[in-house]
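First the structure, in the form of structure tokens, and then the observations on it.
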Amino acid sequence: MSAGGGRRPQTRGRGRASRRSQDLPGLPRDGLRIVPLGGLGEIGRNMTVFEYAGRLLIVDCGVLFPEEHQPGVDVILPDFSWLRDRLDKVDAIVLTHGHEDHIGGVPYLLRERADIPVVGSRLTLAFLEAKLKEHGITPVTVKVSEDDRRTFGPFDCEFIAVNHSIPDGLAVAIRTAAGLVLHTGDFKMDQFPLDGRVTDLRAFARLGQEGVDLFLVDSTNAEVPGFTVSEGELSPAIETVFRTTPGRVIVSSFASHVHRIQQVLDAARDHGRKVAFVGRSMVRNMGIAADLGYLDIPQGLVIDLKQLERRPANQIALICTGSQGEPLAALSRMANRDHPIRVTEGDTVLLASSLIPGNENAIYRVINELTRWGANVVHKGNAKVHVSGHASAGELAYCYNIVQPSSVLPVHGEWRHLRANADIAIRTGVDPKRALIAHDGAVIDLVDGQAKITGSVPAGLVYVDAMTVGGATEESLHVRRTLAEEGVITVVCIVDPDTGKLTEEPDYLAHGFEHAPGDFAKATPAIQKALTTANKENIEDIEQIEELVRQAMSNWAYRQTRRSPLIIPVIVDA
């Protein structure tokens, strides 16, 4: 995925996974264990753990962004529980690139052990360090670049340049006595990249000649035929927006998409527009990219927002966050009239990013609201303003033919992407038994050059809710959804403890549950019946009595309205 975020179709129970992990077979002395804790069956939350000779190496640690059915959740982390009592054995965290779905979980892991060395390219580490500063963490970092070869514990790591939608992407080849593993990270094979840095297929071929025992391959675009088009092919569409817009141009993109922002800056310069960055993460990341030389900003082009607002509309360009419809991002707030920038007739809003599966409704809501205020909204659906950062099917086949791996583990994709990737590998000659389709938490052992799935460890969803990590559960999210969709009824009952009878009519307090005056009086007989049952059966536990009242009230509400509100019973002794 181009910038951190994505979807996961379902969750496995943690208790069951935990029991399975206790039954894992022992790892042979010269075996390498590979455990993906995220990124399989989902787009986002990428994290893979390698174990050899009792030591651990982690590749990436990203986040997944919540869907609408996960209200109140900020981000979703990999499950660290399998690692928690072995963090002292982790030799390094290797980061392939700087997108949130690959680095967003690192602060939460470093909270548990702050001195784990974090390995990455210059831009990746700069983005991470800025993030960690907000968490109050000073990391131990190891800067690497393509063609470097470093050893971390028993893991001999070689870094290879790959092209992606962010500069400085790296694949990593991991050598142990168990064999050679090549992990692509996110990549594509743009032959005309804006920064001139192509995927190093010569290195892939050299590793293939050495013998790649297991190939972990980005699956995101495996269903897309052909080759992913070059970033440079977007320039005409972006130029058209800047040339034809009579008012302001407002560009929304991922805050890490340096290449796309460069194209926007170039178009603004060519058409006499000054630029301001809007949104904390956008300002931070573009400042870092410019300072490190990854972003070329002509002198005087980017100015303060207050200065920009004093210029004529046709000389203004704004670059902001919110291309995925995130409710607190700048673009969503503009659409909702909750931002100082007021979108109006004559403005053009350019959504210069992909549409992440699961975000469609939120994005189209933003598009509709922006259109309502008079803006012309240009997006991937009506113009060529985005290309993917991931290899399409033709590129994947090309890589398989170059590398000729013994075994393949498709990663970074939903189930359909993993299956499509495995099918491509098989068509290029990989033994179908060695094209492994695994799930988060699967344990893959590489022994004597043979890779196979041998077990499973916990890999559930860990929700970050404001300052709480792991506090929100599927049960609490169900309650939140019920509150949002069905409403809540609080029933206060004053009961004679000797007879079990109501001493007066219950008080009914409803929020979000539509009802007519007098409706609740019809529920009283059902509540009294539940209380009478409790009295006859000598039920004295207050929680059991409240549960009987809750069931009675819930059944009544459904019979009368076909709604299932949250019921909160309160029993008070007379």
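Listed values, structure above:
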{"quantity": "Pairs with Cβ under 6 Å, 6+ apart, first in the range 519-544 and under 13 Å from residue 498 (Cα atoms), second open to solvent by 40 Å² or more (accessible area, probe 1.4 Å) and modelled with pLDDT of 90 or more", "calculated": "534/548"}
{"quantity": "Number of positions in the range 396-409 that are open to solvent by less than 60 Å² (accessible area, probe 1.4 Å) and either more than 13 Å from residue 182 (Cβ to Cβ) or assigned to a helix (DSSP H, G or I) (or both)", "calculated": "6"}
{"quantity": "Given (1) surrounded by 19 or more Cβ atoms within 10 Å (Cβ to Cβ); (2) touching a residue at least 60 places away in the same chain (Cβ under 8 Å), number of the condition residue 416 does not satisfy", "calculated": "(1)"}
{"quantity": "Residue tally, condition among the small types (Gly, Ala, Ser) and touching a Lys or Arg at 6+ places or on another chain (Cβ under 6 Å), over the range 363-388", "calculated": "0"}
{"quantity": "Residue within the range 90-104 that is open to solvent by 10 Å² or more (accessible area, probe 1.4 Å), within 22 Å of the chain's Cα centre (by Cα) and charged (D, E, K, R) present", "calculated": "yes"}
{"quantity": "Residues (surrounded by 15 or more Cβ atoms within 10 Å (Cβ to Cβ) and at pLDDT 90 or above) located in the range 536-554", "calculated": "545, 546, 547, 548, 549, 550, 552, 553, 554"}
{"quantity": "All positions within the range 303-340 that are at pLDDT 90 or above, among the β-branched types (Val, Ile, Thr) and more than 20 Å from residue 243 (Cβ to Cβ)", "calculated": "303"}
{"quantity": "The range 419-459 - residue that is surrounded by fewer than 19 Cβ atoms within 10 Å (Cβ to Cβ) and among the basic types (Lys, Arg) and, of those, farthest from residue 79 (Cα to Cα)", "calculated": "427"}
{"quantity": "Unique residue being open to solvent by 50 Å² or more (accessible area, probe 1.4 Å) and either more than 30 Å from residue 176 (Cα to Cα) or of a type in the set (A, V, I, L, M) (or both) when the list is 293, 279, 247", "calculated": "293"}
{"quantity": "Positions within the range 109-160 being in contact with a strand residue (DSSP E or B) (Cβ under 6 Å, 6 or more places away or on another chain), open to solvent by 10 Å² or more (accessible area, probe 1.4 Å) and assigned to a loop (DSSP other than H, G, I, E, B), in sequence order", "calculated": "115, 139, 146, 148, 153, 154"}
{"quantity": "Number of the exception - residue 256 against (1) modelled with pLDDT of 90 or more; (2) surrounded by 24 or more Cβ atoms within 10 Å (Cβ to Cβ)", "calculated": "(1)"}
{"quantity": "In the range 296-335, the residues that are of a type in the set (S, T, N, Q), touching a Lys or Arg at 6+ places or on another chain (Cβ under 9 Å) and either open to solvent by 10 Å² or more (accessible area, probe 1.4 Å) or part of a loop (DSSP other than H, G, I, E, B) (or both)", "calculated": "307, 314, 315, 321"}
{"quantity": "When residues of the range 220-244 are limited to those that are in a loop (DSSP other than H, G, I, E, B) and either open to solvent by 30 Å² or more (accessible area, probe 1.4 Å) or among the aromatic types (Phe, Trp, Tyr) (or both), the one farthest from residue 450 (Cα to Cα)", "calculated": "229"}
{"quantity": "Given (1) part of a strand (DSSP E or B); (2) open to solvent by 20 Å² or more (accessible area, probe 1.4 Å), number of the condition residue 377 does not satisfy", "calculated": "(2)"}
{"quantity": "Count of residues meeting criterion [part of a strand (DSSP E or B) and open to solvent by 10 Å² or more (accessible area, probe 1.4 Å)] in the range 166-219", "calculated": "3"}
{"quantity": "Residues located in the range 141-160, provided they are without any contact (Cβ under 8 Å) to a residue 12 or more places away in the chain and not polar (S, T, N, Q)", "calculated": "148, 149"}
{"quantity": "Residue 462 being crowded, with 23+ Cβ neighbours inside 10 Å, modelled with pLDDT under 95 and not basic (Lys, Arg)", "calculated": "yes"}
{"quantity": "Residue 444 being among the hydrophobic types (A, V, I, L, M, F, W, C), out of contact with any helix residue (DSSP H, G or I) (no Cβ under 6 Å at 6 or more places or on another chain), more than 22 Å from residue 205 (Cα to Cα) and free of Cβ contacts under 8 Å to residues at least 24 places away in the same chain", "calculated": "no"}
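Condition check ((1) on the phi < 0 side of the Ramachandran plot; (2) basic (Lys, Arg); (3) touching a Lys or Arg at 6+ places or on another chain (Cβ under 7 Å); (4) modelled with pLDDT of 90 or more) across all residues:
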| site | (1), (2), (3), (4) |
| --- | --- |
| 392 | yes, no, no, yes |
| 407 | yes, no, yes, yes |
| 415 | yes, no, no, yes |
| 470 | no, no, no, no |
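The values are calculated or read from the model by the stated rules, or taken from the named source; none is laboratory data. This one's a predicted model, so the numbers in the text were calculated from it and none came from an experiment. With ideal geometry, Cβ positions are generated from the backbone for all residues, glycine too; neighbour counts draw on all protein chains shown. Only protein heavy atoms, including side chains, enter the accessible area calculation; ligands, DNA and RNA are left aside. Shrake-Rupley method; radii C 1.70, N 1.55, O 1.52, S 1.80 Å.
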